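Undergrad: Questions regarding the structure given below will be posed in turn.
The values are calculated or read from the model by the stated rules, or taken from the named source; none is laboratory data. The model shown is predicted, which means the values in this text are computed figures rather than measured ones. Cβ atoms come from the backbone with ideal geometry, glycine included; neighbour counts cover every protein chain shown.
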Amino acid sequence: MLKPNGESKGLIVILGESPLRSPKDLNDIKASCNAHKNVILGTPYALHLSKTSPKCEVYRKIFNVLLKEGYSLYITDIVKVWWKNKKLVPTEDLDIPIFKMELDTFKDRKTFIVAWGKKAENALMKIDKERNLKMLPLPHPSSQNRDSWKLNILEKAVFVKKDISYAMDFYKDQEAPTTDEIVAKVAIGEIISFVDNITSGVPL
């Protein structure tokens, strides 16, 4: 849970995918001869670290602006515990019930849910059958997902904005890359617009 300075406008739940870490990320952790028995504890997107790898900067850009806008953030993953063969265990058996309990702790708060990636979105769709959730699905902001963000921007320019200049504001030419700054700016805009629409009663 991250809280803004001052009174909160509401709670935005950011639901990501999983706590999987690359072995490369753990190289600096010195362990004993029992290292193979260790459990690594951390926070989503390495928020417990004062300095982190460049690949986590896009998340911090998004979170910092939302906090400055006055929203509390609850950041979690749909997969709660990861192990080597976790993909063999359906999320319905363990992870979704735990996430439902997390949501229950916020039932008396004004809550907005953002799903990052298909795994989080699909889990929320299953929960939505029971709870009628209002959620915003977005591509995951990870660096491996830049093509999805570019497609998302182009589709919005053509089908929602009906103005190609929306995309041209981000991409000056066809070969322009999708940077952290672009992903953060679009994600922040989508999230704040989603929250404002719900608050004002505008149909999604």
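Undergrad: Any residue at all in the range 91-105 that's modelled with pLDDT under 95, out of contact with any strand residue (DSSP E or B) (no Cβ under 9 Å at 6 or more places or on another chain), of a type outside the set (A, V, I, L, M, F, W, C) and crowded, with 17+ Cβ neighbours inside 10 Å?
TA: Within the range 91-105, one or more residues are modelled with pLDDT under 95, out of contact with any strand residue (DSSP E or B) (no Cβ under 9 Å at 6 or more places or on another chain), of a type outside the set (A, V, I, L, M, F, W, C) and crowded, with 17+ Cβ neighbours inside 10 Å.
Undergrad: Sticking with this one: Please state which one of Thr199, Thr178 is within 22 Å of the chain's Cα centre (by Cα), touching a residue at least 24 places away in the same chain (Cβ under 8 Å) and closer than 25 Å to Lys9 by Cβ.
TA: Values: Thr178 fails: closer than 25 Å to Lys9 by Cβ.
Exactly one of Thr199, Thr178 is within 22 Å of the chain's Cα centre (by Cα), touching a residue at least 24 places away in the same chain (Cβ under 8 Å) and closer than 25 Å to Lys9 by Cβ, namely Thr199.
Undergrad: Another one. Name the residues in the range 125-144 that are within 30 Å of Phe170 (Cα to Cα), part of a helix (DSSP H, G or I) and in contact (Cβ under 8 Å) with a residue 12 or more places away in the chain, would you? Give the steps one after another, and end with the answer.
TA: Step one: list which residues in the range 125-144 are within 30 Å of Phe170 (Cα to Cα), which gives 134-144.
Filter once more, so that each one left must be part of a helix (DSSP H, G or I): 143-144.
Ser143, the sole residue that qualifies.
Undergrad: Among the candidates Glu130, Glu121, single out the residue that is buried (at least 16 other Cβ atoms within 10 Å of the Cβ), out of contact with any helix residue (DSSP H, G or I) (no Cβ under 7 Å at 6 or more places or on another chain) and closer than 24 Å to Ile96 by Cβ. Walk me through how you get there before you give the answer.
TA: Details: Glu130 fails: buried (at least 16 other Cβ atoms within 10 Å of the Cβ).
From the options Glu130, Glu121, the qualifying one is Glu121.
Undergrad: Which residue pairs have Cβ atoms closer than 9 Å, lie 6 or more positions apart in sequence or on different chains, and pair a first residue in the range 96-114 that is in contact (Cβ under 8 Å) with a residue 12 or more places away in the chain with a second residue that is outside any helix (DSSP H, G or I) and small (Gly, Ala, Ser)?
TA: Arg109/Ser8; Arg109/Gly10; Arg109/Ser72; Lys110/Ser8; Lys110/Gly10; Thr111/Gly10; Phe112/Gly10
Undergrad: Only one of these conditions is not met by Ser165: (1) crowded, with 18+ Cβ neighbours inside 10 Å; (2) farther than 28 Å from Glu92 by Cα. Which number is it?
TA: Failed condition: (1).
Undergrad: Here's something else I'd like to know. Give the number of residues within the range 1-39 that are surrounded by 14 or more Cβ atoms within 10 Å (Cβ to Cβ), hydroxyl-bearing (Ser, Thr, Tyr) and at pLDDT below 90.
TA: Total meeting the criteria: 1.
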